[in-house]
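Let me begin by presenting the structure, written as structure tokens, before commenting on it.
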Amino acid sequence: MRYVYAVCRPYGTPLQAQLTGVGGDPPRLLPHHGLVAVVSHVPEADFSEEPLRAHLEDLDWLTTVARAHQGVIDALTTVTTPLPLRLGTVFRDDSGVRTMMEEREESFLRTLDRLEGRVEWGVKVYVESERTPETSAAPAPKPASGRDYLRQRRMQTKSQDDLWQRAETFATRLHETLSGVAEDSRLHAPQNPTLSGASGRNVLNAAYLVPRVKSEEFVEKVDRTKDDVPGIRVELTGPWAAYSFAGEAATGKEGP
């Protein structure tokens with residue numbers, strides 16, 4: 001079967017010689033009209049409809065495939081502007097891939113025109129702790145009475161509320177600043193710390209579509225904000241292929 005990583009325009013720079021894709025098979029190019037699909041061979045025993053559905057419930061298997069998929073996309077991003085397809089997009093054979101490209105050619109070309117020369121940067125803002133540095137510098141004295149306990153609790157709650165307000169104000173201002181450099185942006189739902197493994201609580205989870213030539217300026221703007229507010233952490237990731245801006249064109253469909 002054919003596993004499809006991305007669709008792009010023809011390009012001349014070869015991928016890394018040692019690059020392998022899903023299942024260890026090197027990716028290859030499958031041209032059709034003015035498009036190229038980046039594909040590799042995968043076994044039917046794992047990627048036909050029923051086995052694939054079962055594998056998608058296996059976190060270890062899914063993680064391995066996702067890493068291989070992302071490795072190919074990352075390599076493509078260094079040499080061209082790829083339109084990444086959904087993880088697990090497979091077709092029976094080359095003919096199925098070409099049919100898909102022909103049916104969606106107009107959408108692919110339109111999206112590739114919009115993404116040409118652009119990359120995605122991710123920015124996340126976290127509230128690092130439940131207490132501000134001022135309140136955590138020394139342990140609070142043991143309350144002498146119930147009234148003292150309630151007063152301490154009110155102070156702690158106010159401190160946390162103040163930190164959250166500062167974080168929201170900071171995140172709003174940062175998003176406005178970065179949107180001024182980016183051509184487009186997407187606000188994603190805050191990440192669940194249990195699933196992401198990141199420390200702190202996520203208050204901004206955004207993606208920005210940035211021309212490659214403006215990437216340095218974009219990174220500098222993020223770097224200048226990193227220490228602006230105590231108790232708040234900013235994380236920058238990228239550059240990535242423009243997953244968040246591929247829209248419906250990147251929604252692959254598993255073949256039969």
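Values quoted throughout were computed directly from the atomic coordinates according to the rules given, and no laboratory measurement underlies them. From a predicted model like this one, the values you see are computed outputs, not experimental measurements. Reconstructed Cβ throughout: ideal geometry from the backbone, glycine too, with neighbour counts over all protein chains shown.
How high is the FRET efficiency between L29 and R92 when r is their beta carbon distance and R₀ equals 25 Å, given to the nearest 0.05? If you can, show how the numbers build up before the last one.
Numbers: r = 19 Å, r/R0 = 0.75.
The calculated FRET efficiency here is 0.85.
FRET efficiency for A66 and R110, Cβ-Cβ distance as r, R0 = 30 Å, nearest 0.05? Spell out each step's value before the answer.
Numbers: r = 27 Å, r/R0 = 0.91.
Result of the calculation: an efficiency of 0.65.
For K214, the aspartates and glutamates whose Cα falls under 12 Å of its own Cα, not counting residues fewer than eight places away in the same chain, are E120, E183.
How big is the Rg/Rh ratio for segment 1-83, C-alpha atoms only, Rh by Kirkwood, two decimals? Don't jump to the answer; show the numbers that get you there.
On the way: Rg = 13.2 Å, Rh = 13.4 Å.
Answer for segment 1-83: 0.99.
Across segment 108-125, rounded Karplus estimates of 3J(HN,Hα) from the backbone phi angles (6.51 cos²θ - 1.76 cosθ + 1.60, θ = phi - 60°) give 4, 5, 4, 5, 4, 4, 5, 8, 3, x, 10, 9, 9, 10, x, 10, 10, 10 Hz, Gly and Pro being marked x. 3J(HN,Hα) along segment 62-75: 5, 4, 4, 5, 4, 5, 5, 4, 5, x, 5, 4, 4, 5 Hz, from the Karplus curve 6.51 cos²θ - 1.76 cosθ + 1.60 with θ = phi - 60°, whole Hz, x for Gly and Pro. For R118, the residues whose modelled amide H falls within less than 5 Å of its own, excluding neighbours fewer than 5 places apart on the same chain, are R212. Each peptide in 44-50, 77-83, 199-205, 26-32 was scored by the mean count of other Cβ atoms within 10 Å over its residues; highest first, the order is 77-83, 199-205, 26-32, 44-50.
With +1 on the Cβ of every Lys and Arg and -1 on the Cβ of every Asp and Glu, and nothing else charged, how large is the dipole of segment 2-116 about its Cα centre, in debye rounded to the nearest 20?
It works out to roughly 380 debye.
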